[in-house]
Amino acid sequence: MKKKLLISFVIMASLILGASIAMAKDLTIGLKGEPTSLDPHFHNVTQNNQMALWVFDKLILQDSRQKLYPGLAESWTPVSDTVWEFKLRQGVKFHDGSPFTAEDMKYTIERIPNVPNSPSSFTGAVGAITEVEVVDPYTVRIHTEKPAPLMPRNFASFTIVSKKASEGKATEDFNSGIACIGTGPYKLVEWVRGDKIVYERNDDYWGVKPAWEKIIVRPISNDGTRVAALQSGDVDLINFVPPADVKHLKAAEGVALSQSPSTRLIYLHLDSDRDDSPMVTDNDGNKIKNPMKDVCVRKAISKAINREAIAARIMEGLAIPAAQMLPEGYEGTSKTLQPEKYDPKGAKALLAEAGYPEGFKLTIHGPNDRYVNDGDIAQAIAQMLTKVGIKTEVNTMPKAVYFGKASALEFSLMLLGWATDTGEHTNCVGSLLHTYDKEKGFGSANRGRYSNPVVDQKLEEALVTVDPAEHNKIVIECVEAGMNDVGIVPIHFQVSVWGTKKGLTYNGRTDGYTLPYEIKAQ
């Protein structure tokens, strides 16, 4: 009898818990970090881009595996080799009630290259455009000097802002909420830096109405604190579940986990441009000519890194060693490139060949609150490099400080991450490896100022090649040229893990985004 009563009680409690979650109108989310800005065009970085999608919409959206589907643009058609026509969705309103029209699309495209002090811009997505022709309020023709077969993918990388709300406004006006007015599923209520960001549902949203009326985002950079907040019920969902906590959370009561492979590459950018590089010296502390300009040194650094050990020990198996900028199966990936094998003897031989038989000294810089175990990864890499003779010190710092300094070229060896906006390789090459060109938008995240004329030529050729097979062939050649020359040192791809309260589900995305309208109550 007692056993039956206990079973009945458990069933009833489960039903009550499920019902309370289903009836809940608010959702509290604990994110590893907060955006650097709410201006969706200021800083092309994952944390900002995912938050932009709460308030703003893209012309072309991406599903959880980054496949394209219509957003504010209902259709897109090439009408000639150098003209794309976009038919826009009618009846869409911004949060202030004003209608979305072609003028907003035109204004957005023209605004993107002109956002002041952008540490990493979206200019590469619009740099080929020579004219934005407004045919009528819901038809736009995009003109380019040369064919632009990737225009739809480029347009899936940025969100549309209101001309009325943001014209004449600065990035600070988005951060304060004055200009942060989109067509998206949620409206910004307030942003208290370091404490919370509050959103309310846009009941006039043109798409599927979100289930949650109010979203409260708590930035919790400390992994242990974030996990504790989930287990205590202070938050309903967290992202970036630390690998070390996955096992015990799987067994914990009241918690569910979901995971997804991601396109998030963790890599090293090396200063391969300057003769005099900061914090690079000989073993006695004297300044020397930058060794990383030599491809043999860059290859030695790559060979010195034990990717398998990092994936297994530091990442607890939630990482995939990387050979290029996207995992297998994405457009433009090479089948011949393989992750560099750990080879300390080979690394030492290459250093000797380059004229550094006794090595040299440098400092690796990185964030300590941006990527999964980023500080630990930097420490591990430093130890591995030191073992082959490159005596490496570590300096990590909060991302709010780090990215500004990295963009100002204050570092020599940097731990960074990159996740493609477009789901294909030209986005990666154009941002990370192409010679820096602010006007055209190339190299917007090329913080090592790597430059290779073969990479540049191949990328620019691919970007105007219409035939899909030929385009892909050229992209692969471009990627192989950059990787074989060690323009960057790829380490691994993260496997993203989310934790939720029981009764909630989140299937996860390859771009690593946490989107509240995809969080479901069971």
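We did not get these values from a lab; they are worked out from the coordinates using the rules stated. All of these numbers come straight from a predicted model, not from anything done at the bench. Positions of Cβ are backbone-derived with ideal geometry, glycine not excepted, and every protein chain shown enters the neighbour counts.
When the chain is described by a simple charge dipole with +1 on each Lys and Arg Cβ and -1 on each Asp and Glu Cβ, the residue from Pro210, Leu88, Thr263 located farthest towards its positive end is Pro210. For the stretch 85-165, just say rounded, prolate or oblate: build the C-alpha gyration tensor, square-root its eigenvalues into a ≥ b ≥ c, call rounded for a/c under 1.5, and beyond that prolate if a/b exceeds b/c, oblate if not. It is oblate, given that a/c is not under 1.5 and a/b is not larger than b/c. Put the Cα centre of the stretch 471-521 next to the Cα centre of the stretch 24-59 and the gap is 17 Å. For Gly346, neighbours were defined as the other residues whose beta-carbon sits under 10 Å from its Cβ, and their charges (Lys and Arg +1, Asp and Glu -1) total +3. Hydrophobic long helices, here whole DSSP H runs in the chain with Kyte-Doolittle means of at least 1.0 and Cα atoms spread over 27 Å or more along the helix axis, are found at 2-23. Nearest 5 percent is fine: what portion of the DSSP beta bridges confined to the chain is antiparallel? The antiparallel fraction comes to roughly 75 percent. Legend: residue pairs Lys87/Lys438; Lys250/Lys502; Lys93/Lys196, Cα-Cα distance threshold 23 Å; pairs beyond threshold, Lys87/Lys438; Lys93/Lys196. Looking at the stretch 264-494 only, what percent of DSSP beta bridges run antiparallel? Nearest 5 please. Counting only bridges with both partners in the stretch 264-494, antiparallel ones make up about 60 percent.
Fully extending the segment from Glu200 to Asp284, taken as 0.36 nm per residue of separation minus the present Cα-Cα distance, adds 24.4 nm.
Placing +1 on the Cβ of every Lys and Arg and -1 on the Cβ of every Asp and Glu, with no other charges, gives the stretch 166-304 a dipole of roughly 520 debye about its Cα centre.
Look at Val132, Val372 and count the other Cβ atoms within 10 Å of each Cβ; fewest to most, that gives Val132, Val372.
In order along the stretch 388-398, the Karplus-derived 3J(HN,Hα) couplings, from 6.51 cos²θ - 1.76 cosθ + 1.60 at θ = phi - 60°, round to 9, x, 8, 6, 10, 9, 10, 9, 10, 7, x Hz, and Gly and Pro are given as x.
For the stretch 232-295 versus the stretch 96-126, the inter-centroid distance based on Cα atoms is 31 Å.
Charges were assigned to the Cβ only: +1 to each Lys and Arg, -1 to each Asp and Glu. The resulting dipole of the chain about its Cα centre is roughly 1880 debye.
Across all directions, the average flat footprint of the convex hull enclosing the Cα atoms of the stretch 188-329 is 14.5 nm². Put simply, when 179-187, 435-443, 379-387 are sorted by average Cβ atoms within 10 angstrom per residue, most first, you get 179-187, 379-387, 435-443.
Projecting the Cα atoms of Gly317, Ala304, Gly184 onto the charge dipole of the chain, computed from C-beta unit charges around the Cα centre, puts Gly317 farthest toward the positive end. From the coordinates of this entry, Rg and Dmax of the Cα atoms in Å is computed, and it appears in (i) 23.1, 74; (ii) 23.9, 83; (iii) 37.7, 117 under the label (ii). If the chain linking Glu308 and Lys214 were pulled fully straight, counting 0.36 nm for each residue of separation and taking away their Cα-Cα distance, it would gain 29.6 nm. Treating r as the C-beta distance of Thr225 and Ser80 and R0 as 56 Å, the FRET efficiency rounds to 0.50.
When +1 charges are put on Lys and Arg Cβ atoms and -1 charges on Asp and Glu Cβ atoms, the dipole computed for the stretch 30-219 relative to its Cα centre reaches about 560 debye.
Projecting the Cα atoms of Tyr450, Met397, Asn283 onto the dipole axis of the stretch 264-494, where Lys and Arg carry +1 and Asp and Glu carry -1 at the beta carbon, places Asn283 farthest toward the positive end.
Over the chain, what relative contact order in percent results from Cα pairs under 8 Å that are six or more residues apart?
Once normalised by length, the contact order is 20 percent.
Extension gain Thr336-Thr139, at 0.36 nm per residue separation less the Cα-Cα distance, in nm? Separation in residues times 0.36 nm, less the Cα-Cα distance, equals 66.6 nm.
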